[in-house]
Amino acid sequence: MTVTSAIQCRGLWKIFDTGAARVIALQNLSLDIAAGEFVTLVGASGCGKSTLLRTLAGLETYTAGQIECCGVPLRGPGVERAMVFQHYSLYPWLTVSENIKFTRKLAAHTRDRTSADVEAAAGRADALLQLMGLVDVAKAYPNQLSGGMQQRVAIARALMSRPRILLMDEPFGALDAQTREVMHDLILHVSRLEGCTVVFVTHDVEEAIYLGRRVILLAPRPGRIDCEYAVPLPAQREQHMKHAPAFLELKTRILERIRVTSGMRTDAALLERLSRGSRQHAADRGGA
């Protein structure tokens with residue numbers, strides 16, 4: 001039977017219970033992500049985006065509910081899933097090429113491995129070096145690379161085992177704006193080429209719309225799905241689309257909803273009163 005859903009969550013709860021503090025990180029969350037879909041997660045701080053991603057990766061246990069990945073109940077980390085973090089987490093003593101190949105040394109990838117498997121893995125590493133534009137720095141060490149180049153290495157390493165699901169936790173958050181745009185187009189190209197499902201966490205609404213075919217907004221305290229937005233852009237994205245009216249309208253709607261769910265609405269009248277008070281105070285001091 002062909003599995004069309006990459007991820008299914010049903011009634012998912014995650015509760016952190018440490019001593020007197022009890023935090024409901026995820027409350028009764030249900031979610032379906034289709035195979036090959038690129039989904040982005042946004043929301044205010046504390047809404048459970050990263051907790052959900054780490055739970056899908058098998059790095060966090062969940063308190064109640066069910067999760068299936070590729071039709072199989074989730075019981076911890078698995079070779080069908082790979083995760084890319086905001087901090088590159090590269091091994092400083094390994095070269096770029098060695099970092100990319102590292103996953104092939106893990107026990108899950110070495111059981112019953114033949115010489116043909118080893119040869120195929122070497123070819124895969126070379127292909128990823130080409131795809132990520134890393135051929136010229138293959139023998140360099142992480143501390144010799146820019147942030148953008150280091151994140152390319154981390155993505156290539158995650159792709160090395162041909163995961164069916166790629167989980168990305170704010171991977172471009174530490175990059176400058178120009179490098180970020182380059183990485184946006186790169187990850188879209190890679191996801192289409194690899195055919196993998198991508199779940200991408202970000203605080204940047206513009207990034208979420210540009211990358212995702214669907215934007216899922218989580219609300220905080222407790223973390224839950226508030227609403228979903230279909231992205232009105234063609235599959236082939238180009239940077240100029242960020243200025244399209246439909247793009248900007250959706251960005252405004254999502255930002256406003258994040259403010260509502262977080263309770264961080266701007267009171268323009270109050271700000272104006274405070275500004276007038278500050279100006280009057282400065283004038284009074286000047287006249288004294």
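The values are calculated or read from the model by the stated rules, or taken from the named source; none is laboratory data. For clarity, every value in this text was computed on a predicted model and none was experimentally measured. Glycine also receives a Cβ, built like all others from the backbone with ideal geometry; neighbour counts cover every protein chain displayed.
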If you check Arg152, Arg214, which single one turns out to be within 23 Å of Val135 (Cα to Cα), of a type in the set (Lys, Arg) and either outside the structural domain of Cys69 (by TED's automatic domain parsing) or surrounded by fewer than 19 Cβ atoms within 10 Å (Cβ to Cβ) (or both)? Arg152
Take the residues of the stretch 157-180 that are within 15 Å of the chain's Cα centre (by Cα) and among the acidic types (Asp, Glu): which is farthest from Arg104 (Cα to Cα)? Glu170
Got a sec? Which helices (runs of 4 or more DSSP H) wholly within the stretch 79-174 have at least 2 residues that are modelled with pLDDT under 95 and closer than 25 Å to Glu206 by Cβ? 147-159
Residue pairs qualifying under the 6 Å Cβ cut-off, at least six apart or on distinct chains, with the first in the stretch 85-98 being under 12 Å from Gln144 (Cα atoms) and the second being basic (Lys, Arg) and assigned to a loop (DSSP other than H, G, I, E, B), are Thr95/Lys139
Pull out all pairs, ordered by first then second residue, where Cβ-Cβ is under 8 Å, the residues are six or more apart or on different chains, the first lies in the stretch 11-29 and is of a type in the set (S, T, N, Q), and the second is not in a strand (DSSP E or B). Gln27/Pro222; Gln27/Gly223
Qualifying residues in the stretch 1-25 (those that are aliphatic (A, V, I, L, M) and touching a Ser or Thr at 6+ places or on another chain (Cβ under 6 Å)) - the one nearest to Gln236 (Cα to Cα): Ala6
Residues in the stretch 44-66 that are under 27 Å from Gly263 (Cβ atoms), touching a strand residue (DSSP E or B) at 6+ places or on another chain (Cβ under 9 Å) and part of a loop (DSSP other than H, G, I, E, B) total 7
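With respect to Tyr62, is the statement that it is of a type outside the set (Asp, Glu), touching a residue at least 12 places away in the same chain (Cβ under 8 Å) and surrounded by fewer than 19 Cβ atoms within 10 Å (Cβ to Cβ) true? If you could, list the steps in order and put the result at the bottom.
Values: of a type outside the set (Asp, Glu): yes; touching a residue at least 12 places away in the same chain (Cβ under 8 Å): yes; surrounded by fewer than 19 Cβ atoms within 10 Å (Cβ to Cβ): no.
In short, no.
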Across the stretch 41-93, what is the number of residues that are over 23 Å from Ile24 (Cβ atoms), hydroxyl-bearing (Ser, Thr, Tyr) and touching a Ser or Thr at 6+ places or on another chain (Cβ under 9 Å)? 0
Inspect the stretch 61-74 for any residue being in contact with a Leu (Cβ under 6 Å, 6 or more places away or on another chain) and of a type in the set (Val, Ile, Thr) and give the result as yes or no. yes
